[in-house]
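> One structure, pasted below without further comment.
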Amino acid sequence: MARIRLYVDQPLGPSQSLALSRDQAHYLFGVMRLGVGADLLVFNGRDGEWRATVEAASKRGGQIRAEERTRPQMNPPDLWLLFAPIKKARTDFIVEKAAELGAARICPVQTEFTNSERIRRDRLQAHAVEAAEQCGGTFVPEVAELAKLSRVLDDWPGARRLIFCDEALVGATEADLRAATGPVAILIGPEGGFSPTERARIRAHPQALPISLGPRILRADTAAVAALTLWQAGAGDWPGA
Ligand code: SAM
């Protein structure tokens with residue numbers, strides 16, 4: 001059976017004991033039925049993955065001890081995903097898939113046609129943690145607060161390429177993303193797409209690289225997965241990229 005992987009906040013090192021929160025104890029001892037002496041894997045997003053053993057277990061808490069490192073820390077490329085939040089389940093899907101596919105930062109942005117004006121950042125961050133736990137990653141992307149797209153563009157960090165997934169280019173020749181190396185961000189619009197004003201503003205951005213995702217209009221969640229995959233396979237950290 002695959003070992004349980006748990007994300008923890010604390011630093012990890014040999015013989016480092018870690019106190020468990022109530023939720024972690026409930027998961028390990030109530031749901032997964034681990035007992036004292038059982039093995040699991042832990043990571044904190046900084047120190048790689050460690051084998052740990054359960055030292056104390058109760059319904060409300062417990063303690064585990066890190067034993068030895070099983071994998072080094074592996075950070076993803078400097079890839080951000082900017083997306084306009086859509087319906088709850090589909091937004092959850094985007095965050096989960098972005099974490100699995102190796103985004104370093106996930107930034108919900110409010111565009112003119114964004115359907116949802118609020119997000120629960122803590123919930124989305126918890127989805128990113130769960131995705132990292134299940135996919136074997138040692139890194140958890142940060143989910144940023146919802147920010148207006150216009151503000152994000154005003155404060156754009158100079159050197160970062162902005163891969164603009166533009167539905168108006170549907171069917172156009174696909175851009176070759178292999179040249180888009182270095183810090184990069186992928187921008188996906190909402191169900192209603194981008195407004196003409198937004199499109200003009202993004203296209204005028206010095207770092208913008210407008211691209212087509214093929215001959216069909218994709219749903220925003222499909223578009224996010226497709227764009228992340230295209231970039232990772234061409235210029236990212238996938239073997240052969
Ligand atoms: N309502 C828009 C329309 O009918 O033209 C479609 C918006 S689409 C559902 C959501 C987002 O996915 C778009 O804003 C864009 O970022 C991305 N997208 C979907 N299909 C695409 C394609 N073929 N090329 C580039 N981007 C695409």
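> So, in the range 176-230, how many residues would count as being near the ligand (Cβ under 8 Å from one of its atoms), exposed (fewer than 15 other Cβ atoms within 10 Å of the Cβ) and β-branched (Val, Ile, Thr)?
Total meeting the criteria: 1.
> Kindly establish whether Arg51 is modelled with pLDDT of 95 or more, closer than 30 Å to Leu230 by Cα, open to solvent by 10 Å² or more (accessible area, probe 1.4 Å) and in contact with a strand residue (DSSP E or B) (Cβ under 8 Å, 6 or more places away or on another chain).
For Arg51, the condition - modelled with pLDDT of 95 or more, closer than 30 Å to Leu230 by Cα, open to solvent by 10 Å² or more (accessible area, probe 1.4 Å) and in contact with a strand residue (DSSP E or B) (Cβ under 8 Å, 6 or more places away or on another chain) - is not met.
> In addition: For the range 36-47, how many residues are among the small types (Gly, Ala, Ser) and within 12 Å of Leu6 (Cα to Cα)?
Of the residues in the range 36-47, 1 are among the small types (Gly, Ala, Ser) and within 12 Å of Leu6 (Cα to Cα).
> Only one of these is at pLDDT below 95 and either under 19 Å from Thr138 (Cβ atoms) or charged (D, E, K, R) (or both): Arg5, Arg60. Name it.
Being at pLDDT below 95 and either under 19 Å from Thr138 (Cβ atoms) or charged (D, E, K, R) (or both) holds for just one of Arg5, Arg60, which is Arg60.
> If you don't mind, there's one more thing I want to ask. Only one of Ala233, Ala172, Ala241 is part of a loop (DSSP other than H, G, I, E, B) and more than 15 Å from the ligand (Cβ to nearest atom); which?
Ala241
> Out of all the residues in the range 143-169, which are touching a helix residue (DSSP H, G or I) at 6+ places or on another chain (Cβ under 6 Å) and not in a loop (DSSP other than H, G, I, E, B)?
Val143, Phe164, Cys165
> Consider the range 86-142. How many of its residues are touching a residue at least 40 places away in the same chain (Cβ under 8 Å), in contact with an Asp or Glu (Cβ under 7 Å, 6 or more places away or on another chain), under 25 Å from Ile4 (Cβ atoms) and assigned to a helix (DSSP H, G or I)?
1
> Give the residues of the range 130-152 that are of a type outside the set (Gly, Ala, Ser) and open to solvent by 30 Å² or more (accessible area, probe 1.4 Å), sorted by residue number.
The answer is Glu130, Glu133, Gln134, Cys135, Phe139, Glu142, Glu145, Leu146, Lys148, Arg151, Val152.
> Now for a separate question. Which count do you get for residues in the range 54-85 that are surrounded by 17 or more Cβ atoms within 10 Å (Cβ to Cβ), assigned to a strand (DSSP E or B) and in contact (Cβ under 8 Å) with a residue 60 or more places away in the chain?
Matching residues across the range 54-85 total 5.
The values are calculated or read from the model by the stated rules, or taken from the named source; none is laboratory data. Being a predicted model, the structure only gives us computed values, none of them experimental. Cβ sites come from the backbone with ideal geometry, for glycine too, and all protein chains shown count toward neighbours. Areas reflect the complete protein model, heavy atoms only, side chains present, ligands, DNA and RNA absent. Shrake-Rupley method; radii C 1.70, N 1.55, O 1.52, S 1.80 Å.
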